Amino acid sequence: MAGLAAVPVVTQFREEMNRVRERELAAALRRLGDLTPEQRSALEHFSQSLMNKFLHEPSVRLRAAAANGRGLGVVDAARYLFALGEQASSGAADTANHTDDEETR
């Protein structure tokens, strides 16, 4: 049962991190200006690949911990650490403000 608790958390974690990746990529593309389609594609691929590499091990460990009976504590910790299940709009606003701040520097 605890193993199943990790599935929606891992899914939500990856979806939220992908939203952050997309916002940051869009900001970077605006700063870089005119790029060829090949350059845009390369940056998109790079950002997806980097995100997947960063998230792979935590995702595997979260599923494994949940399956080993340590799951509910680990799942709850992941929810807390990454603000999963909270108001998505507050996290999005914080990230948007952070991105705007960086662009004005």
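Nothing in this text is a laboratory measurement; each read-out follows from the coordinates by a stated rule. Please read these numbers as outputs of a predicted model, since none were measured by experiment. Every residue, glycine among them, receives a Cβ derived from its backbone with ideal geometry; neighbour counts consider all protein chains shown.
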Review point. Zone of VAL7 (label point 7 Å along Cα→Cβ, backbone N under 19 Å): which residues in region 40-72?
Key: 59-72
Revision key, fill the gap. With x for Gly and Pro, the residue-by-residue ³J(HN,Hα) of region 38-52, computed from phi through the Karplus equation 6.51 cos²θ - 1.76 cosθ + 1.60 at θ = phi - 60° and given in whole Hz, is 5, 5, 4, 4, 5, 5, 4, 4, 4, 5, 5, 5, 5, 4, 4
Point to revise | Estimated FRET transfer efficiency (ARG19, LEU72; beta-carbon r; R0 41 Å; 0.05) | key: 0.95
**Study point:** Spin-label model distance (nm) - ALA27 vs PHE46, 7 Å beyond Cα toward Cβ
**Key:** 1.7 nm
